[in-house]
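Data first, discussion second: the structure below is written as structure tokens.
The values are calculated or read from the model by the stated rules, or taken from the named source; none is laboratory data. Not measured: the values here are computed from a predicted model. Don't worry about glycine lacking a Cβ; one is built from the backbone with ideal geometry, like all the others, and counts go over all protein chains shown.
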Amino acid sequence: MQGLLHQLATGVSSGGIYASLALALVMIYRSTGHVNFAQGEMAMFSTFIAWSLLDRGVPYWAAFCLTLAVSFVGGVAVERVLIRPMAGRREMLLVTVFLGLFMICNSVAGWIWGYDTRPFESPFESFTFLQNPYETPHDLGAMLVTFVLMLALFGFFQLTRAGLAMRGSTENPVSSRLVGISVDRMSALGWGMAAATGAIAGMMVAPTVFLEPNMMASVLVYGFAGALLGGIDNPWGAVAGGYIVAILENLLGVYVIGTEMRMSVALVLIVGTLVVKPEGLFGQRKLARV
Amino acid sequence: MAVTLARPGSRDAASRRFGRLAIGVLLLVLLFAPMLFGSYRIFQITTMVIDAIALLGLNILTGYNGQISIGHSAFYAVGAYTVAIVTAELGLPYWVALPCAAMVSFVIGFLFGLPALRLGGAYLALATFALAVAMPQLLKYKLIEPWTKGTLGMSIAKPAVPFGLPIDQDRFLYYLALLVAVGMFAIGRNLVMGKVGDAMMAVRDQPTAAAAMGIDNSLLKTKTFGVSAMYTGVAGALGAYAAQYVAPDSFTFMLSISLMVGIVIGGAGTVSGAIYGAVFIGLVPDYASEISKAVPWALYGSCLIACVFVMPDGIHGVASAITARIASHSKERNGGGVR
């Protein structure tokens, strides 16, 4: 029983990681209707920026905010330069651009910072009220951050005018333009926010998995699995999906199929979800007029 | 009355003649290459010939049928491992192993295509992405370890030279790869230039209209997936002979990405694009990695994005624009052609 509790706790802590990346994926999807393959690598890049700032002696929360700002600007720039000119072109070309972005982020990070793994500071280690027998303070802190982020995104989409405009511009760009929404600006805002969300995910992941250019590869697969399972169009669904994926992965990995097969859990979940319930557990079913 | 539809990339007689000439010259050069180059160059050209087969397979799926796969490293691995098991474990010769690899990868591609065909665009890319990432782990799985030898990998002997031919094993493998490639290109070309190719493109561009015309979209997509996996599997099989070794970690997501890079830069939805792409992914990383470990991927990424923006039809598009210009130029000079 004790062992099972510990496994659950491990699952929950990686769930927070997957959930935060899943949130970034939801963000892009809600604002542009795209599935961004480079999301993980962009998050990794942001985390390296944060590391550089910390390395130069900037205090943690200042570096945190600065990284968010830089990532936001970076995300907007990517949308402006690479994504907007792709509007109305074949999906294959768009996926190709995402893959190009993936490779550039990965190799440029390797170029600048090298491929050695390095530790990344966690801001929560000194918080004594987070001490407990099951989770490390960092895991709990990261969960808290993910939870706040989820509420913030949910609130943004449901309660603010910009959120409504953003939902409108993906669901029906033409009508949105007619009522005076700048679809282009919404898309840029979405990319900026997604890049910032990814940066938070990266900074929460790095203390656990150590910082290196390939750290997000497996996290991205699980993040996708989580986002799809929960429904890629809603923030709390993606978070729930992230946790479900992590707990399943951990329990199945330890008790059923062996730890070396964990990636297959993600594969089966992704294909299974897409085939059985493409809209995800908590997502909205999409209908197309032909 | 028979109606001929203008196909994208359909050309007039002059530039077609030009293309035929180019193919003839290429084949002639490839035929005599073993006498002109040293062993290392031959190994390089063998790799390019093999890559060209894999790229044609992916191009049939992605370029012609519009299904995006970034998981073709998995089918490459299936072909390679089939050959390894058939030759090393069962002790059968290459001419049994290669058809086995083709069959096994077709079946696995078809089976993966069954659920995947319900997914459009980016979602299929996602599913295949997960397949590519999971493949190395699947190959290490305990239950199949007696056959795959887990993380250790397996060594494979090069095919023995038959009939006492006066060439070494490297050059025999080269000719074998070339023979298979020529055969598979001929089949592939006929497939995509014929009715099946039209149906594939119809499903890609207008799925609803294609269904209304009586095309069974799902079946066609699944079959295309199978054929594509078969091509890539055969390439994997030949690749295993060339490398003389297979191990789970040789077949990562990065292999899938280089295949994708190859078809986009060569020219998506064209047969000759596979050849241009193979030359690109065969030569560029070699030279680029002399500068730094990170450079090839940065270069790949930049080329990929630049290609989408500047030449969406890849090298094929540029080459056919040039030949079209030369052809029209010579036509004017000869004063020929009815206006």
State whether the residues of segment A:18-34 include one that is outside any helix (DSSP H, G or I) and within 14 Å of chain B (Cβ to nearest Cβ). yes
Does B:Met260 satisfy the condition of being at pLDDT 90 or above, part of a helix (DSSP H, G or I) and within 27 Å of B:Met103 (Cβ to Cβ)? no
Odd one out for A:Tyr222 among (1) closer than 28 Å to A:Ser46 by Cβ; (2) in a helix (DSSP H, G or I); (3) modelled with pLDDT under 85; (4) within 14 Å of chain B (Cβ to nearest Cβ): (3)
Would you check which residues across segment A:50-66 are without any contact (Cβ under 8 Å) to a residue 60 or more places away in the chain, among the aliphatic types (A, V, I, L, M) and part of a helix (DSSP H, G or I) and list them? A:Leu53, A:Ala62, A:Ala63, A:Leu66
Need the failing condition index for A:Val76 against (1) surrounded by 13 or more Cβ atoms within 10 Å (Cβ to Cβ); (2) within 14 Å of chain B (Cβ to nearest Cβ), just the number. (2)
Over segment B:114-157, the set of residues at pLDDT below 80 and more than 23 Å from B:Val83 (Cβ to Cβ) is B:Pro115, B:Ala116, B:Leu117, B:Arg118, B:Leu119, B:Gly120, B:Gly121, B:Ala122, B:Tyr123
For residues that are at the interface with chain A (Cβ under 7 Å from one of its Cβ atoms) and of a type outside the set (Val, Ile, Thr), tally how many sit in segment B:130-154. 8
Please go through (1) surrounded by 20 or more Cβ atoms within 10 Å (Cβ to Cβ); (2) within 14 Å of chain A (Cβ to nearest Cβ); (3) not basic (Lys, Arg) for B:Tyr76 and return the number of the only condition it doesn't satisfy. (2)
Just to be sure, is B:Tyr123 touching a Pro at 6+ places or on another chain (Cβ under 8 Å) and more than 13 Å from chain A (Cβ to nearest Cβ)? no
In segment B:166-205, anything under 18 Å from B:Leu26 (Cα atoms) and of a type in the set (D, E, K, R) is listed as B:Arg171, B:Arg189
Would you mind stating whether B:Ile144 is more than 20 Å from the chain's Cα centre (by Cα) and assigned to a loop (DSSP other than H, G, I, E, B)? no
Quick count over segment B:32-59, residues being at pLDDT 90 or above and of a type outside the set (S, T, N, Q), is 11
Does segment A:45-66 contain at least one residue that is on the phi > 0 side of the Ramachandran plot and more than 12 Å from every other protein chain (Cβ to nearest Cβ)? yes
Just for segment A:108-125: of the residues that are of a type outside the set (D, E, K, R) and free of Cβ contacts under 8 Å to residues at least 24 places away in the same chain, which one is farthest from the other protein chains (Cβ to nearest Cβ)? A:Phe124
